[in-house]
Structure formats: C-alpha cells, structure tokens
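Participant: Before we start, here is the structure in question, set down as structure tokens.
Every read-out reported here was derived from the displayed coordinates using simple, explicitly stated rules and does not represent laboratory data. No experiment lies behind these values; they were computed from the predicted model shown. So basically every Cβ, Gly included, is an ideal-geometry build from the backbone, and we count neighbours across all protein chains shown.
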Amino acid sequence: IRHQLRSYIPRDIWNCDESSLQYNKQPAYSNVCKESGKVLADIKLDKTCIITFYVTNADRSEKRKLLVIKRSQTPQAFCQNKININNLPVTYHFNQKA
C-alpha cells in the first residue's frame, strides 16, 4: 500500500474511523456486597449506544465535522431543551438499527 500511496501527497490521503459510545452501560462488577442468602436476578444489559465517525486527511490539515448516528430522528432530550439539530457542532443522522 505504501508503494501505491507514494504518488499521492498527504493532503490527498484520507482516513476515517468509527467508534461506538455506550453511555448507558452498567459496570461489569462492583465493590458493593450482596446480603447473604440473596441472589441478584439476571438482568439484560442495555446496549444503547451512539456511533461516532471521524474523518481527517494524513497531514491533518483538513478535518470533517464529527458524524454522530443515533436511533431517534429527534431525541427526546433535544425536544425538551428546544435544541435545533442543525445548530449542533456535529453532523447528526439517525438509523433505526444504530
């Protein structure tokens, strides 16, 4: 790949990466002790997450706006606080399978 990319200048080589932020996940363990004789019920873990997508070129002279993908078209928190999605410092998209 390096041999093929040698003909391009770093400004024209782009890199992107995806990351997922699980903001509602419970800890895997705790330092809180159970009372003797009590058993915790099996709890389904919440896998709600926000997907973020980063794009920049090799010499970091250009960076695209952070792309955020979530499940809802207009999140309830945005409606309650009267936040306009178009005024956010990120590009927001929604996807039911996110």
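Participant: With the crude spin-label approximation of a point 7 Å out along Cα→Cβ, what separation in nm comes out for Ser61 versus Ile85?
Facilitator: It is 3.4 nm.
Participant: Quick one: net charge of Glu62's neighbours, Cβ under 13 Å, K/R +1, D/E -1?
Facilitator: Around Glu62, the charge tally is +3.
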